[in-house]
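The values are calculated or read from the model by the stated rules, or taken from the named source; none is laboratory data. Note that this is a predicted model, so its numbers are computed, not measured. Cβ sites come from the backbone with ideal geometry, for glycine too, and all protein chains shown count toward neighbours.
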Amino acid sequence: MSTVVGEMDQHDDHHHHAPSGITRWLFTTNHKDIGSMYLWFSFIMFLVGGSMAMVIRAELFQPGLQLVDPHFFNQMTTVHGLIMVFGAVMPAFTGLANWMIPMMIGAPDMALPRMNNWSFWILPFAFAILLASLFMEGGGPAFGWTFYAPLSTTYSSDSTALFVFSVHIMGISSIMGAINVIVTIMNMRAPGMSYMKMPLFVWTWFITAFLLIAVMPVLAGAVTMVLTDKYFGTSFFDAAGGGDPVMFQHIFWFFGHPEVYIMILPSFGIVSAIIPAFSRKRLFGYSSMVYATAAIAGLSFLVWAHHMFTTGMPVFAELFFMYCTMLISVPTGVKVFNWVATMWRGSISFETPMLFALAFVILFTIGGFSGLMLAITPVDFQYHDTYFVVAHFHYVLVSGAIFSIMAAAYYWLPKWTGHMYDEGLAKLHFWASLISVNVLFFPMHFAGLAGMPRRIPDYSVQFADINQIVSIGGFAFGLSQLIFLWLVIKCVKGGKKAPAKPWEGAEGLEWTVPSPAPYHTFDTPPEVK
Amino acid sequence: MSIRLITALAAMTPIAAQAQSQLNLTQGVTEISQRVYDLHMTIFYICCVIGVVVFGAMFWSMIRHRKSKGRKPATFHENIKVEILWTIIPFLILIGMAIPATSTLIAMEDTSEADVTVLVTGSQWKWHYKYFDSDVEYFSLLATPRQQIENRLEKGENYLLEVDRPLVIPTDRKVRFLITSDDVIHSWWVPDFAVKKDANPGFINETWTQVDEPGIYRGQCAELCGKDHGFMPVVVIAKTPAEYDAWLAEQEEIQRKAKEEEQRLLAMSMDMDELMDLGEQVYLGSCAACHQASGEGIPGVFPALKGSPMALNDMNGHIDIVVNGKTGTSMQAFGNQLSLRELAAVITYERNAWGNDTGETVQASDVNAFMNE
């Protein structure tokens with residue numbers, strides 16, 4: 001069926017003469033190269049952001065101020081959040097999109113390869129600027145990744161200008177990546193690959209890309225207003241000049257809430273590929289999965305103010321946002337039920353991608369439960385800005401998004417490298433991560449319910465035991481990720497030769513090309529039945 | 001209704017009773033906080049039930065439908081009826097949840113017909129309380145000693161949850177809080193009242209409570225407000241109405257006397273040692289959070305006072321900035337926070353500590369003259 005371009009290796013590739021050394025990576029327009037760079041970049045950022053989390057957990061290991069002063073602590077929480085959101089999770093998904101979307105739809109490459117190169121290569125500069133700001137006089141951004149005005153305007157240090165500039169670059173990169181995904185999917189599908197035949201990973205990314213294009217400019221607007229408020233005398237967020245600090249939060253969360261779905265929809269796609277593969281059974285309710293994803297994306301524009309219930313909104317607005325937020329649990333529930341129905345009466349095996357996917361479903365659902373609790377406005381007044389919220393979004397982002405990225409990495413590593421990864425090491429990584437992530441984040445629910453606010457460098461003695469447990473879980477989770485680093489390096493360097501389709505139940509065009517995938521795939525489009 | 005039943009069952013289980021001591025949400029001391037707690041438990045148990053069903057089905061599949069048991073996969077992959085069913089059922093559960101949540105929310109937002117009104121103003125990093133219909137107003141600062149925070153002394157029972165002057169409110173009366181801020185956004189939170197409301201600069205938010213039990217209730221600032229966000233607790237004492245009235249009258253008297261005393265003291269001048277002693281106390285309480293005990297500030301954020309040209313040469317500018325603050329920065333106006341004596345002492349201290357050694361004293365009368373210019 002497919003026209004695999006022979007056993008073509010880089011050295012017989014006569015279409016372009018591939019440059020070697022650093023220029024190969026600097027000038028590459030190949031979706032696989034760019035995908036790899038995105039993935040490595042995001043993993044490096046994951047470790048950088050993770051080490052900041054280690055600083056946070058070390059300081060919180062016991063009550064009192066031990067290691068860092070509160071101002072530096074605030075820089076750590078802020079930059080940890082920014083790096084994990086914009087540097088780790090989002091580029092990882094873009095990397096997966098680069099690698100997999102062309103192969104999944106039978107396209108030779110992304111539609112806009114030069115823009116693809118550029119959208120990656122501006123990212124290291126964005127994060128270099130952000131990280132450099134930590135070494136400025138006055139320190140880096142210390143106002144939380146949500147940079148609420150006026151803390152981020154009148155009351156911030158001068159590194160704010162660098163923060164704004166780096167967020168602009170990240171936003172431009174994301175928008176270009178999203179445009180590329182949309183253009184590729186709309187124009188480059190192989191003959192016969194109708195929309196409703198696309199793998200769910202392609203579908204979820206397609207919808208995610210629209211969300212990105214819709215909201216990244218809103219973020220750009222927010223940071224620009226912060227910039228002009230701070231340096232050019234405007235008063236968008238300053239009541240003294242006719243502005244409103246709460247308006248900042250409306251603008252930020254109008255970006256911020258779709259943003260959280262940007263970080264989870266591609267996960268849904270990944271898990272929807274892996275669960276059927278290892279259950280050896282087709283995905284249950286494909287079309288309802290597509291509609292549920294679209295419904296979640298649509299609703300994500302109507303719920304932003306649930307992050308702001310305590311800002312003093314009219315009752316009517318509080319009710320509206322509460323109802324819309326509760327409603328989101330319906331399509332999300334449909335997805336979970338479909339995954340369970342896919343497993344039901346399947347023939348299940350438990351290779352590492354499946355283990356991470358199963359952990360994703362369970363732990364993401366727990367995060368969904370706490371999300372549902374947070375939706376109830378009267379109770380949210382108690383939960384808001386406590387560790388309960390911290391527990392909630394780490395369940396959906398770490399054991400949700402990050403676990404799905406891990407699952408994807410294990411699932412497609414044989415295709416990327418041509419080698420099977422070390423299954424024993426992978427299982428060790430999985431179990432170490434699974435246990436430590438729960439020791440890390442589960443007790444945070446209790447700390448929050450008992451009244452511990454988030455973003456504090458020191459706490460009252462009643463929270464000492466919980467924080468000690470959490471910190472131990474944090475260190476263990478951090479160390480566990482080094483196993484993954486070791487495993488990937490080992491897999492890139494060698495290992496058992498991987499067949500074209502290493503997973504018995506896997507489906508999709510990517511498995512019709514050899515492993516490792518040739519530098520150029522589908523020069524002639526495959527025929528999709 | 002079934003939700004009521006679940007809540008009732010929940011209340012009877014020993015785990016719930018045990019957990020609420022320190023791992024669960026507080027039931028609080030108001031009717032509202034109790035309703036909030038009930039809502040919390042209801043939704044929690046609903047989540048548990050859904051969790052048992054969903055995870056149960058998952059684990060059943062994982063255990064029974066595994067390849068290693070020689071299972072052959074079924075081939076079904078679609079069923080419209082099932083899809084509709086698991087869309088409708090959660091929807092109905094949500095409606096069941098939304099009804100009690102809506103009525104509680106409406107009750108929480110009804111600030112009408114309050115008996116007592118208190119204006120709560122947040123600033124970096126303290127709360128200010130002003131009673132309407134009386135002259136009483138004061139700041140409420142963290143009372144935990146620095147030594148405890150820096151691990152040089154054993155931490156007390158209410159570490160970081162104690163203030164020098166708590167807010168006092170009457171029991172059995174509807175108390176309305178008007179909440180605002182002087183600088184960044186803060187959030188005034190007392191878990192036992194289920195009250196958390198943001199303090200937005202330039203805007204006033206409203207909330208209320210009615211406490212039934214006299215007692216001491218502790219909370220914290222809940223919105224990141226800068227460096228010492230973790231160090232601005234809220235403490236509220238609820239007294240019976242009679243005790244409250246007596247307390248308020250007493251405070252009015254004290255504040256009136258203090259003003260008189262201040263005017264009387266204007267004529268007196270303090271010597272350098274007295275000024276420096278008092279000045280150091282005031283400095284550590286009000287200034288050191290930003291400018292640091294060493295007077296060196298934090299470069300790029302909070303300017304150093306040690307060796308600063310203003311502290312060495314410009315006395316009028318120095319008095320001005322302490323009294324009026326500097327707009328557009330974190331530097332607050334201390335003119336209404338400190339007494340004339342304290343202002344004089346702290347300015348003297350800043351001009352003579354850490355090797356600034358100007359040898360100049362500032363007297364209360366100097367500050368008073370400046371303020372009346």
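Observations on the model:
- Residue check for residue A:192: part of a loop (DSSP other than H, G, I, E, B) and under 21 Å from residue A:143 (Cβ atoms): no
- Scanning region A:223-241 finds one or more residues that are under 15 Å from residue A:85 (Cβ atoms) and at pLDDT 95 or above.
- Single match in B:126, B:174, B:130, B:197 (criterion: more than 8 Å from chain A (Cβ to nearest Cβ) and closer than 25 Å to residue A:142 by Cβ): B:126
- Of all the listed residues (B:256, B:264, B:218), the sole one being under 14 Å from residue B:188 (Cβ atoms) and either loosely packed, with under 14 Cβ neighbours inside 10 Å or basic (Lys, Arg) (or both) is B:218.
- Residue-level check: of (1) part of a helix (DSSP H, G or I); (2) touching a Cys at 6+ places or on another chain (Cβ under 8 Å), residue A:310 misses just (2).
- Test for residue A:417: is it more than 14 Å from chain B (Cβ to nearest Cβ) and either more than 22 Å from the chain's Cα centre (by Cα) or at pLDDT 95 or above (or both): yes
- Residues of region A:348-370 that are within 18 Å of residue A:267 (Cβ to Cβ) and within 10 Å of chain B (Cβ to nearest Cβ): A:354, A:358, A:361, A:362, A:365, A:366, A:368, A:369, A:370.
- Residue ID - nearest to the chain's Cα centre (by Cα), chosen from residues in region B:205-223 that are within 13 Å of chain A (Cβ to nearest Cβ) and of a type in the set (S, T, N, Q): B:220
- For region A:355-366, a residue qualifies if it is among the aliphatic types (A, V, I, L, M) and crowded, with 24+ Cβ neighbours inside 10 Å, and the qualifying residues are A:357, A:358.
- Test for residue A:154: is it at pLDDT 95 or above and buried (at least 18 other Cβ atoms within 10 Å of the Cβ): no
- The helices (runs of 4 or more DSSP H) found wholly in region B:289-373 and carrying at least 3 residues that are closer than 27 Å to residue B:127 by Cβ occupy B:315-324, B:340-352, B:364-371.
- Search result, residues across region B:262-285 that are at pLDDT 85 or above and of a type in the set (S, T, N, Q): B:281
- Residue satisfying all of: in region B:103-139; part of a loop (DSSP other than H, G, I, E, B) and hydrophobic (A, V, I, L, M, F, W, C); farthest from residue B:333 (Cα to Cα) among these: B:114
- Flag if residue A:52 is under 24 Å from residue A:396 (Cα atoms), buried (at least 20 other Cβ atoms within 10 Å of the Cβ) and without any contact (Cβ under 8 Å) to a residue 40 or more places away in the chain: yes
- Inside region A:308-337, residues that are farther than 17 Å from residue A:281 by Cα, without any contact (Cβ under 8 Å) to a residue 60 or more places away in the chain and β-branched (Val, Ile, Thr) make up a count of 6.
- Checking A:190, A:142, A:149 one by one, the residue that is under 24 Å from residue A:234 (Cα atoms) and either acidic (Asp, Glu) or touching a Leu at 6+ places or on another chain (Cβ under 9 Å) (or both) is A:142 and no other.
- The condition of being loosely packed, with under 15 Cβ neighbours inside 10 Å, of a type in the set (A, V, I, L, M, F, W, C) and not assigned by TED's automatic domain parsing to the domain that holds residue B:326 holds for only one of B:167, B:142, B:92, B:160, that being B:92.
- Among (1) at pLDDT below 95; (2) among the aliphatic types (A, V, I, L, M); (3) in a helix (DSSP H, G or I), the one test that residue A:18 misses: (3)
- Evaluation of residue A:340 against (1) facing chain B (nearest Cβ under 8 Å); (2) without any contact (Cβ under 8 Å) to a residue 40 or more places away in the chain; (3) under 21 Å from the mean Cα position of the chain (by Cα) (one fails), failing number: (3)
- Pairs, first touching a residue at least 24 places away in the same chain (Cβ under 8 Å) in region B:343-355, second part of a loop (DSSP other than H, G, I, E, B) and not charged (D, E, K, R), C-beta under 6 Å, six or more apart: B:344/B:362; B:344/B:363; B:347/B:362; B:348/B:361; B:348/B:362; B:350/B:305; B:351/B:358; B:354/B:295
- In the set B:3, B:84, only one residue is in contact with a Gly (Cβ under 7 Å, 6 or more places away or on another chain), assigned to a helix (DSSP H, G or I), at pLDDT below 95 and more than 7 Å from every other protein chain (Cβ to nearest Cβ); that residue is B:3.
- Candidate set from region A:273-286 (those that are under 22 Å from residue A:396 (Cα atoms) and either within 12 Å of chain B (Cβ to nearest Cβ) or modelled with pLDDT under 95 (or both)); member that is surrounded by the most Cβ atoms within 10 Å (Cβ to Cβ): A:275
- Residue that is under 41 Å from the mean Cα position of the chain (by Cα) and without any contact (Cβ under 8 Å) to a residue 12 or more places away in the chain, where the choices are B:83, B:113, B:154: B:154
- Qualifying residue in region A:466-485 (condition: away from every other protein chain (no Cβ under 14 Å), in contact (Cβ under 8 Å) with a residue 60 or more places away in the chain and farther than 30 Å from residue A:142 by Cβ): yes
- Residue A:43 vs. criteria touching a residue at least 24 places away in the same chain (Cβ under 8 Å), assigned to a helix (DSSP H, G or I) and surrounded by fewer than 24 Cβ atoms within 10 Å (Cβ to Cβ): yes
- Any hit, region B:231-239, residues being facing chain A (nearest Cβ under 10 Å), buried (at least 21 other Cβ atoms within 10 Å of the Cβ) and in a strand (DSSP E or B): yes
Residues checked against (1) surrounded by fewer than 24 Cβ atoms within 10 Å (Cβ to Cβ); (2) within 14 Å of another protein chain (Cβ to nearest Cβ); (3) not in a loop (DSSP other than H, G, I, E, B):
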| position | (1), (2), (3) |
| --- | --- |
| A:380 | no, yes, yes |
| A:398 | yes, no, yes |
| A:407 | no, no, yes |
| A:410 | no, no, yes |
| A:432 | yes, no, yes |
